[in-house]
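Colleague: Let me give you the structure first, and then I'll get to my questions.
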């Protein structure tokens, strides 16, 4: 039982690239015990978990398995401590849905769910689970079950939205000397809607996904119009500023030349 305590510690939290390693001092007995065990099948889950999104957000073994992480004895895995070894294959999506209810419901509307063989871990993994990211949609993973063409269409839609969002975010960041808070607020709204597209993408229903994507694109168009307006004002200010500098420089030169001419005249 102890060997499997970490068995599904990362089945159900938010998807995407987690890169961060959980570096805070750990008092969790599950981790402190298993990470130093010489038997790889017992220690490896901790190493995998350490680079997962679960570790990044501070969700440890007991977040999925229950038990008592403050008890260093085997009693930490007892029924009295509400220890849970892990869900059966057909229970995994519902298990993840305890934390990710909306994602779970969308996934249950998908063709993947309809196969009766697919669940969250096929794409997101278990102990090494990562955040939602476009890297999850790739030929190697998707083509193991079907042609990549349909998955590539989904990736293209999501990539287009993310690229456009990222471009707008960078432009707002580069606007100086003008009030950009309203735009940043609008950017937050767009991001919230973009996350909804990512949620809906778990249905793998391209009609629904494209419809939601069009709503986000409309918001982006409005935002981009305002960005362009502020960029135009910024350029006008810069042009005016350089014009004033040039005028000042010309006046300075003219004054210098005039003063020299006056001095020559006086010396004569």
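The values are calculated or read from the model by the stated rules, or taken from the named source; none is laboratory data. Predicted model only: the values in this text are computed from it and were never measured. With ideal geometry, Cβ positions are generated from the backbone for all residues, glycine too; neighbour counts draw on all protein chains shown.
Colleague: All but one of (1) over 30 Å from residue 42 (Cα atoms); (2) within 16 Å of the chain's Cα centre (by Cα); (3) surrounded by 19 or more Cβ atoms within 10 Å (Cβ to Cβ) hold for residue 129; state the number of the condition that does not hold.
Modeller: Here residue 129 meets the rest and fails (1).
Colleague: I've got another one for you. Within segment 67-117, how many residues are farther than 19 Å from residue 208 by Cα, in contact (Cβ under 8 Å) with a residue 60 or more places away in the chain and loosely packed, with under 13 Cβ neighbours inside 10 Å?
Modeller: Result for segment 67-117: 2.
Colleague: Then there is this: May I ask you to verify whether residue 74 is farther than 20 Å from residue 203 by Cβ and modelled with pLDDT under 85?
Modeller: So residue 74 passes the test.
Colleague: Kindly indicate which of 38, 27 is in a loop (DSSP other than H, G, I, E, B), assigned by TED's automatic domain parsing to the domain that holds residue 71 and at pLDDT 85 or above. Before the answer, list the steps.
Modeller: Working: 27 fails: at pLDDT 85 or above.
From the options 38, 27, the qualifying one is 38.
Colleague: Just one of the numbered conditions (1) closer than 22 Å to residue 51 by Cα; (2) in the same structural domain as residue 196 (by TED's automatic domain parsing); (3) touching a residue at least 24 places away in the same chain (Cβ under 8 Å) is not true of residue 153; which one?
Modeller: (1)
Colleague: Here are some residues: 147, 170. Which one is loosely packed, with under 12 Cβ neighbours inside 10 Å and within 24 Å of residue 115 (Cα to Cα)?
Modeller: Answer to the check: 147.
Colleague: Being surrounded by fewer than 17 Cβ atoms within 10 Å (Cβ to Cβ) and in a helix (DSSP H, G or I) is the filter; apply it to segment 44-62 and report the residue that is farthest from the chain's Cα centre (by Cα).
Modeller: 44
Colleague: Determine, yes or no, whether residue 243 is part of a helix (DSSP H, G or I) and exposed (fewer than 11 other Cβ atoms within 10 Å of the Cβ).
Modeller: Considered against the rule, which asks whether it is part of a helix (DSSP H, G or I) and exposed (fewer than 11 other Cβ atoms within 10 Å of the Cβ), residue 243 comes out as yes.
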